[in-house]
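To keep things clear, I will list the structure first and then write my remarks on it.
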Amino acid sequence: MSSAADTLDRRDAVDMTAAAVMVGLTLSWGLNYVAAKISYAGYDPVVVSIARSVIGGACVVGWCWLRGIKLFEADGTLSAGILAGVLFGAEFLCLYIGLEHTTVARNTLLVNTMPFWVLVGGHFLLGEHITARKLAGLVLAFCGLVAVFSDGIMGGNDATLTGDLLSLGAGILWALTSIVIKRSKLVETSAEKLLLYQLAGAAVVGVLVLPFAGPPIRAVTALSTWALLFQSVYVVAFTYVLWFWLLRRYPASGLSSFAFLSPVFGVLCGAMILGEPLTVRIFLALGLIAAGLIIVNRPVRKQVPA
């Protein structure tokens, strides 16, 4: 896909179509946290990270072959692609290992501090200036999450500290990956090629870390294997391509603000699937988060000259 086409397709704000897609994506990513927890019964988190990258990558390559999408043409994206791949791989190792050492609620909250890092990085590196309106919207949405997780965050202990720190690191690495994409020629390449750069990086990083992990195979069951396949085929091969496609066309800070929905969906799915407690604070948070998203993504009205 050419840079000229990307320029023509650019949007200045997140429209209703992109917003609806992002809600679907964040629901899928919320389910991903639950699926990861289920897969840990049969596989070490590092193995899960490697397997989802390899299986997901194979699905993407097969899709590109069927569609005639070229992946290996020289387009000046190799160095940026390697950097994005390393960041992506480190991000998911932090996320997956962290998730095993802490709860879904705490993991999703800390990972999804990403919009704040994107907002700050976008201000200095992408020219996407922080406005009082955007900052107010993000703070309001974050308050919604605090309403749900405040007891868990304030009641942290040594047993979960490692998982919490890794989860926070995953959020920072996620933001850095988005910024690298926006500042490099990766913004001009196809979503499929962009994803393969990152999956390759994740596989390599995972293999390098694997000797330091625990036993790779645990008590494998059909459920843990299906959970792994859900992450690999649907989340990786489908939702990530769609995410990167959106990222190349809409403001990074606007899209990233929807990440606040992911932990809410994760907790809801955790309550229904894993039996985690669900309280009235979830419903309070949904209202605060929705209000924050409306404020962040409301288009600025242009004044008509008199």
The one condition in (1) within 22 Å of residue 254 (Cβ to Cβ); (2) in contact (Cβ under 8 Å) with a residue 40 or more places away in the chain; (3) not in a loop (DSSP other than H, G, I, E, B) that residue 17 fails to fulfil: (2)
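Taking the conditions exactly as written (of a type in the set (A, V, I, L, M), closer than 30 Å to residue 129 by Cα, assigned to a helix (DSSP H, G or I) and modelled with pLDDT under 75), does residue 290 satisfy them or not?
Details: of a type in the set (A, V, I, L, M): yes; closer than 30 Å to residue 129 by Cα: yes; assigned to a helix (DSSP H, G or I): yes; modelled with pLDDT under 75: yes.
Spelling it out, residue 290 is indeed of a type in the set (A, V, I, L, M), closer than 30 Å to residue 129 by Cα, assigned to a helix (DSSP H, G or I) and modelled with pLDDT under 75.
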Might you check whether a residue that is farther than 16 Å from residue 240 by Cβ and either without any contact (Cβ under 8 Å) to a residue 60 or more places away in the chain or not small (Gly, Ala, Ser) (or both) occurs anywhere in region 59-66? yes
Of the numbered conditions (1) of a type outside the set (Gly, Ala, Ser); (2) in a helix (DSSP H, G or I); (3) within 15 Å of residue 40 (Cβ to Cβ), residue 215 satisfies every one except a single condition; which is it? (2)
I'd like to know if region 54-70 contains one or more residues that are touching a Leu at 6+ places or on another chain (Cβ under 6 Å), part of a helix (DSSP H, G or I) and surrounded by fewer than 20 Cβ atoms within 10 Å (Cβ to Cβ). yes
Residue 123 versus (1) of a type outside the set (A, V, I, L, M, F, W, C); (2) crowded, with 20+ Cβ neighbours inside 10 Å; (3) touching a His at 6+ places or on another chain (Cβ under 9 Å): which is the lone unmet condition? (2)
Please indicate, with yes or no, whether at least one residue in region 272-284 is buried (at least 17 other Cβ atoms within 10 Å of the Cβ), modelled with pLDDT of 75 or more and either basic (Lys, Arg) or part of a helix (DSSP H, G or I) (or both). no
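Here's the yes/no breakdown for (1) under 22 Å from residue 28 (Cα atoms); (2) exposed (fewer than 15 other Cβ atoms within 10 Å of the Cβ):
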residue	(1), (2)
199	yes, no
204	no, no
207	no, no
212	no, yes
222	yes, yes
227	yes, no
232	yes, no
237	yes, no
243	yes, no
Residue 250 meets each of (1) surrounded by fewer than 20 Cβ atoms within 10 Å (Cβ to Cβ); (2) not in a helix (DSSP H, G or I) with one exception, condition (1)
Condition broken by residue 75, with the remaining ones in (1) part of a loop (DSSP other than H, G, I, E, B); (2) of a type outside the set (A, V, I, L, M, F, W, C); (3) modelled with pLDDT under 85 satisfied: (3)
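The values are calculated or read from the model by the stated rules, or taken from the named source; none is laboratory data. Computed from a prediction, not measured in an experiment: that's the story for all the values here. We place every Cβ from the backbone using ideal geometry, glycine too, and count neighbours over all the protein chains shown.
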